[in-house]
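Here is the structure we will look at, set down as structure tokens.
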Amino acid sequence: MTQEKTAEIEQSQNKVEGAMPSTTDERTLRRERREAMLDAGINPYPANFSASAFSADLEEKYLDLAAGESTNDTATVAGRVMAIRNQGKIAFVVLQDKQGTIQLFFRINNLSEDEWDLFKTVSLGDIIGVTGTIMRSRTGQLSVAPASLVMLAKALRPLPEKFHGLADKETRYRQRYADMISNPEVIEVFKKRSRMIAAIRRYMDTNGYFEVETPILQYTLGGANARPFTTHHNALDTDFYLRIATELHLKRLIVGGMDRVYEIGRLFRNEGMDQTHNPEFTSIEAYCAYADVEGMKELAQGIFNAALAEVGASDTIEYQGKTIDFSLPWRSAPMAELVSEVVGEVVDLNTPTDRLRELCNKHHVEVEGNPGTGKLIFALYDELVEKTIVNPTFVCDYPVEVSPLAKRKEDDPRLTDRFELVIAGHEYANAFSELNDPVDQESRFAAQVAAKEAGDEEAMEYDQDYIRALEYGMPPTGGIGIGIDRMAMLLCDQPSIRDVLPFPHLRPEVFEK
């Protein structure tokens with residue numbers, strides 16, 4: 001690099017560091033530095049670079065290296081420049097790699113003249129690679145003393161300040177890449193989520209379940225009560241829904257003879273957004289032939305225990321200030337019993353609807369239309385009870401009116417063999433003894449169609465092909481769905497679903513032209 005170009009870049013660097021220019025000004029200056037490097041024959045974006053060592057591994061390997069000692073061992077490291085302290089003929093750089101950070105101790109005598117000139121143009125955020133000897137500074141900081149330097153990616157935009165430039169939540173969600181650079185703990189959340197999902201897969205595979213894939217584009221709306229997203233397939237000239245559940249296709253596979261199946265995948269629901277809801281989210285749904293809702297309780301406990309063990313959690317965890325005890329067995333309780341505990345009197349499906357309405361009015365629970373006993377009990381539960389549950393609890397015996405795909409209980413056909421797993425005031429799983437009577441399923445689909453015609457935008461449609469599948473005969477089957485995002489929130493102690501999604505949905509950003 002020529003002395004003239006070096007001086008030009010140094011002058012630009014000094015302007016940036018001394019005058020605290022605006023982001024736009026600094027971006028302009030960084031672009032000028034990039035052009036100067038290209039003019040000097042230096043490629044600021046080479047195709048590859050091979051690092052031989054990483055920060056945490058080096059810290060462990062040289063744990064016993066005393067302060068002020070040097071070695072003849074060499075290492076090649078690469079990463080992002082997070083801090084620079086330049087003292088003329090020496091400089092200290094904090095380099096961030098995939099394992100953490102390590103100090104680089106630059107000395108003018110260790111580099112060639114061109115490489116030292118190149119170093120003087122390095123800015124915060126640049127990605128560089130160095131090879132050098134391992135040493136520990138007099139202050140005890142393990143360091144690499146570079147004998148060579150390569151620019152790997154010249155950053156044209158300055159890094160946000162950790163505590164000021166990227167504190168706004170929406171900015172952090174929208175610019176997740178910058179969030180991850182400034183707040184490395186965010187990366188740990190995503191890594192923990194990944195390990196959790198891998199542990200679930202291993203558990204399912206070990207227990208004889210086959211992972212399958214079902215259509216995301218579906219002709220018929222079914223498997224849950226939710227508003228869908230719609231799209232149009234040009235070649236088929238047909239409207240499709242983005243799936244709201246994987247249930248009905250997975251149960252078709254049970255009919256076909258695959259006795260244990262599961263799918264981990266994205267679902268899409270065109271609904272509101274809050275701390276626990278995103279329009280696209282990840283769930284696991286699993287179905288097991290010749291099992292029932294009790295078998296699904298065992299499966300739920302196994303899945304959670306596998307995930308807890310993978311992320312290093314014990315039977316007791318802290319979540320947003322609440323202590324949650326996962327030790328077995330988890331409580332199972334009928335919905336009506338839980339409602340009775342909260343309202344202070346015994347209620348069940350034999351309670352007159354007038355009395356249930358009085359309780360709803362007393363506790364400010366709004367109900368629309370003319371619901372029956374089952375929906376009134378569910379309304380009381382939904383508004384008053386769920387938020388009070390802390391430790392894992394299987395809420396059982398749902399009214400048939402709110403469970404269109406679950407098998408009726410033999411001792412009381414007004415109820416279904418269904419549970420929801422509730423932890424820390426939120427639902428984490430929904431499970432049934434699956435309805436396999438095609439005639440009963442026909443009538444419930446018909447009721448859903450009537451509800452849709454009456455204005456219920458979340459009601460299911462009549463799936464004739466699914467009825468046809470049931471008519472071939474589906475064995476007794478247990479099924480469960482578990483929200484992966486909410487599980488990640490729980491195990492990572494994150495307050496919002498957006499904190500465990502790398503790219504949560506936001507309103508489109510408006511860019512200045």
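The values are calculated or read from the model by the stated rules, or taken from the named source; none is laboratory data. For clarity, every value in this text was computed on a predicted model and none was experimentally measured. Positions of Cβ are generated from backbone atoms using ideal geometry, with glycine treated the same way; all protein chains shown enter the neighbour counts. Surface areas here come from the heavy atoms of the whole protein model, side chains and all, with no ligands, DNA or RNA. Shrake-Rupley method; radii C 1.70, N 1.55, O 1.52, S 1.80 Å.
At 0.36 nm per residue, minus the direct Cα-Cα distance, what do Asp168 and Glu410 gain on full extension? Give it in nm, one decimal, please.
So the chain would gain 81.7 nm between Asp168 and Glu410.
When a/c is below 1.5 the answer is rounded, else prolate if a/b is larger than b/c, else oblate, so apply that to region 80-141 with a ≥ b ≥ c taken from the square roots of the Cα gyration tensor eigenvalues. The shape class here is oblate.
Separation of region 273-289 and region 476-491, taken as the distance between their Cα centroids, equals 7 angstrom. Dividing the summed -39500 (n - 2.57) terms of all DSSP H runs of n ≥ 4 by the residue count of the chain sets its mean residue ellipticity at 222 nm at -10500 deg cm²/dmol.
Between region 340-372 and region 130-146, how far is it from one alpha carbon centroid to the other, in angstrom? Using only Cα atoms to place each centre, the spacing works out to 71 Å. A straight chain from Asn270 to Gln99 at 0.36 nm per residue would run longer than the Cα-Cα distance by 57.7 nm.
Note on the chain: with charges restricted to the Cβ of Lys and Arg (+1) and Asp and Glu (-1), its dipole about the Cα centre is near 1940 debye. In this structure, Glu298 and Asp437 have a Cβ-Cβ separation that, at R0 = 35 Å, corresponds to a calculated FRET efficiency of about 0.90. Of Leu242, Gly208, Asn183, which is farthest along the charge dipole of region 172-249 in the positive direction, counting Lys and Arg as +1 and Asp and Glu as -1 at C-beta? Projecting each Cα onto the dipole axis, the largest value belongs to Asn183. Scalar couplings 3J(HN,Hα) for region 128-133, obtained by applying the Karplus form with A = 6.51, B = -1.76, C = 1.60 to θ = phi - 60°, are 10, x, 9, 10, x, 8 Hz; x denotes Gly and Pro.
Each residue of region 456-467 is assigned a 3J(HN,Hα), and the resulting list reads 7, 6, 9, 5, 7, 9, 7, 9, 5, 5, 5, 4 Hz, derived from the Karplus form 6.51 cos²θ - 1.76 cosθ + 1.60 (θ = phi - 60°), x at Gly and Pro. Taking GluC sites (Glu not before Pro) across region 82-167, the ones in a DSSP loop with at most 12 further Cβ atoms lying within 10 angstrom of their Cβ are Glu161.
Note that region 45-50 has calculated 3J(HN,Hα) couplings of 9, x, 6, 7, 6, 10 Hz, one per residue in order, obtained from phi through the Karplus relation 6.51 cos²θ - 1.76 cosθ + 1.60 (θ = phi - 60°); glycine and proline are x.
A Förster radius of 30 Å combined with the Cβ-Cβ distance from His232 to Ala447 puts the calculated FRET efficiency at roughly 0.55.
Between the alpha-carbon centres of region 381-445 and region 194-219 there is a gap of 23 Å. How would you classify region 252-351 from its alpha-carbon gyration tensor, with a ≥ b ≥ c the square roots of the eigenvalues: rounded for a/c under 1.5, else prolate if a/b is greater than b/c, otherwise oblate? Cα axes put region 252-351 in the rounded bin. Ranking of Arg172, Arg414, Arg357 by solvent-accessible surface, largest first: Arg414, Arg357, Arg172 (1.4 Å probe, protein heavy atoms only, all chains present).
Compute the helix-to-body angle for 23-39: its Cα long axis versus the longest principal axis of the chain, expressed 0 to 90° and rounded to tens. Rounded to the nearest ten degrees, it is 60. For the chain, the residue among Leu415, Pro399, Trp116 whose Cα projects farthest onto the positive side of the dipole built from Cβ charges is Trp116.
Among the GluC sites (Glu not before Pro) in region 201-280, which ones are in a DSSP loop with at most 14 other Cβ atoms within 10 Å of the Cβ? Mind listing them?
Details: sites: Glu211, Glu213, Glu247, Glu263, Glu271, Glu280; in loops: Glu213, Glu271.
Listed in order of number, the matching sites are Glu213.
Mind giving me the FRET efficiency for Lys191 and Glu161? R0 is 25 Å, r the Cβ-Cβ distance, nearest 0.05 is fine. Given R0 = 25 Å and the Cβ-Cβ separation, E is 0.55.
Is the chain rounded, prolate or oblate when judged by the Cα gyration tensor, a ≥ b ≥ c being the square roots of its eigenvalues, rounded requiring a/c under 1.5 and prolate requiring a/b larger than b/c? Working shown, then result.
On the way: a/c = 2.55, a/b = 2.33, b/c = 1.10.
Prolate.
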